[in-house]
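The values are calculated or read from the model by the stated rules, or taken from the named source; none is laboratory data. All values reported here derive from a predicted model rather than from experimental measurement. We place every Cβ from the backbone using ideal geometry, glycine too, and count neighbours over all the protein chains shown. SASA here: full protein model, heavy atoms, side chains in, ligands and nucleic acids out. Shrake-Rupley method; radii C 1.70, N 1.55, O 1.52, S 1.80 Å.
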Amino acid sequence: QVQLVESGGGLVQPGGSLRLSCATSRILFSVYTMSWYRQAPGKQRDLVAAITSTGGTNYLDSVKGRFTISRDNAKNTVYLQMNSLKPEDTAVYYCKARGLQNTYWGQGTQVTVSS
């Protein structure tokens, strides 16, 4: 059974940093485009960052310069380094793996930015 397991969320003060991880199993990780999405209460789920199998990246405008997505194919894991966090970054963050024929989601991890 394919699994995507996010970790690293939590409560952080404005201006702080967190590093999210998404460990995958039972997929050929290296060929998948990996993404992070987030969903705040009452809002739609938005793409935050994505990284292709060849390392190309794209970001939501509001996180450019603050967030960095990366992947470690040897560990089948994708990361999201989040710096200079703002209260508006508060959301549940989801990991997604998209292949040619299949798409998989993780269960999400809560990120709360508050003083």
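Summary table below
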quantity	calculated
The chain: most fluctuating residue of THR33, THR54, THR24 per GNM, C-alpha cutoff 10 Å	THR54
Over the chain, relative contact order from alpha-carbon pairs under 8 Å, at least 6 apart, %	36 percent
FRET efficiency estimate (nearest 0.05) - Cβ-Cβ, VAL5 to SER30, R0 22 angstrom	0.75
Exposed trypsin sites (Lys or Arg not before Pro) absent: longest stretch of the chain, with sites in DSSP loops and at most 13 other Cβ within 10 Å deemed exposed	76-115
Straight-distance crosslink candidates among lysines, where the alpha carbon sits under 16 Å from LYS86 and sequence neighbours closer than 8 are dropped	LYS64
Solvent-accessible area per residue for region 1-65 (1.4 angstrom probe, square angstrom)	56 Å²
Cα→Cβ-extended label distance, 7 Å offset, between TRP105 and SER17, nm	3.0 nm
Spherically averaged projected area in nm², based on the convex hull that wraps the Cα atoms of the chain	6.9 nm²
Dipole moment magnitude, nearest 20 debye, region 14-115 about Cα centre, only Lys, Arg, Asp, Glu C-beta charged	140 debye
Proximal lysines to LYS75, defined as alpha-carbon separation beneath 17 angstrom and excluding residues fewer than eight positions away on the same chain	LYS96
